[in-house]
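Trainee: Attaching a single structure in structure tokens format; questions to follow.
Bear in mind that the values in this text are calculations on the coordinates, not laboratory data. This structure is a prediction, so every number in the text was calculated from the model and none was measured. Glycine also receives a Cβ, built like all others from the backbone with ideal geometry; neighbour counts cover every protein chain displayed.
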């Protein structure tokens, strides 16, 4: 299985999908100039590599800000994950968000429509304390 690592920039998140280490992370801000180009490798990795993983996969997501185009791409990503989940049922998503950030909370609540996916919302405060 191949891993996918994309370094964080000021306007794109860090992507680390490493099956050997069981690490699946998307972290940072997301407002790239070309959203489709930025997210294309992620969608391809999910389509080609995720079905090959037999153990549980937990995607840890912490996006502090995303523009509308990035939000649409995240929906595309979740659609692809949901299709694979239907076959495998070994996938979970943990989305970490600032307790007081109403914009991102509203945004991630839109992803609740993916009822086949196990999406856990994990709030934290400015000091990093987690709330469930």
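Trainee: Filter region 26-50 for residues that are assigned to a strand (DSSP E or B) and buried (at least 17 other Cβ atoms within 10 Å of the Cβ) and give the result.
Mentor: Start the filter on region 26-50 by keeping residues that are assigned to a strand (DSSP E or B), which leaves 26-30.
If the condition is that a residue be assigned to a strand (DSSP E or B) and buried (at least 17 other Cβ atoms within 10 Å of the Cβ), then 26, 28, 29, 30 are the ones that fit.
Trainee: Would you mind telling me which numbered condition in (1) assigned to a strand (DSSP E or B); (2) under 18 Å from residue 9 (Cα atoms) residue 97 fails?
Mentor: All conditions pass for residue 97, except number (2).
Trainee: Anything in region 57-68 that is in contact with a strand residue (DSSP E or B) (Cβ under 9 Å, 6 or more places away or on another chain) and over 14 Å from residue 25 (Cα atoms)? List them, or say none.
Mentor: The initial filter retains those residues of region 57-68 that are in contact with a strand residue (DSSP E or B) (Cβ under 9 Å, 6 or more places away or on another chain), namely 57-67.
Answer for region 57-68, where residues must be in contact with a strand residue (DSSP E or B) (Cβ under 9 Å, 6 or more places away or on another chain) and over 14 Å from residue 25 (Cα atoms): 65, 66, 67.
Trainee: Is it the case that region 9-18 has a residue that's within 11 Å of the chain's Cα centre (by Cα) and outside any strand (DSSP E or B)? Spell out how you get there, then give the answer.
Mentor: First, the residues of region 9-18 that are within 11 Å of the chain's Cα centre (by Cα): 13-17.
Those left that are additionally outside any strand (DSSP E or B): 13.
Yes, there is a match, as at least one residue in region 9-18 is within 11 Å of the chain's Cα centre (by Cα) and outside any strand (DSSP E or B).
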